[in-house]
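K.L.:
Take this structure, written in structure tokens, and hold onto it; I'll ask about it next.
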């Protein structure tokens, strides 16, 4: 009795393993070459790299004070991550995202983007290694 129940369990385990292997192989064949943008941070970064980016009138002073150029922002977007702790997305008509990243020169930046329909607007930024106090109002 003990032997037949253990062999039945092993047979079911083998069948499960074969099904799992086939499912993994099929999933890899269907989705293997695609970049998975189903996480919120990945979707925002994908949008930032696809959509038009505008600059708010007040951002000029802030970016100039922090010595952040438009080129620095483009460099930072290639390897940046959304910092949801610093972002304001709950209950907002236009959510604001803080994106942290590095430039090719090694500067760590945080840039703030406001999402408006199909565009993003830069509203400010800081150099995380240089804590200047900017008087921009």
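Every number here is computed from the coordinates shown, using simple stated rules; none is lab data. Bear in mind the structure is a predicted one, so any value in this text is a computation, not a measurement.
K.L.:
Give the angle, between 0 and 90 degrees and rounded to the nearest 10, that separates the Cα long axis of helix 40-50 from the longest principal axis of the Cα atoms of the chain.
P.N.:
Its long axis makes an angle of about 50 degrees.
K.L.:
Which translational diffusion coefficient, to the nearest whole µm²/s, is obtained for the range 56-101 from the Stokes-Einstein equation, given a Kirkwood hydrodynamic radius over C-alpha pairs, 10 °C and 1.306 mPa s?
P.N.:
Rounded, D is 134 µm²/s.
K.L.:
Given a cut-off of under 8 Å on Cα pairs at least six residues apart, what relative contact order in percent is computed for the chain?
P.N.:
22 percent
K.L.:
Let me ask something else about it. Build a GNM of the chain with springs between Cα atoms under 10 Å: which of 53, 93, 73 gets the top mean-square fluctuation?
P.N.:
Looking only at 53, 93, 73, the biggest GNM fluctuation is shown by 93.
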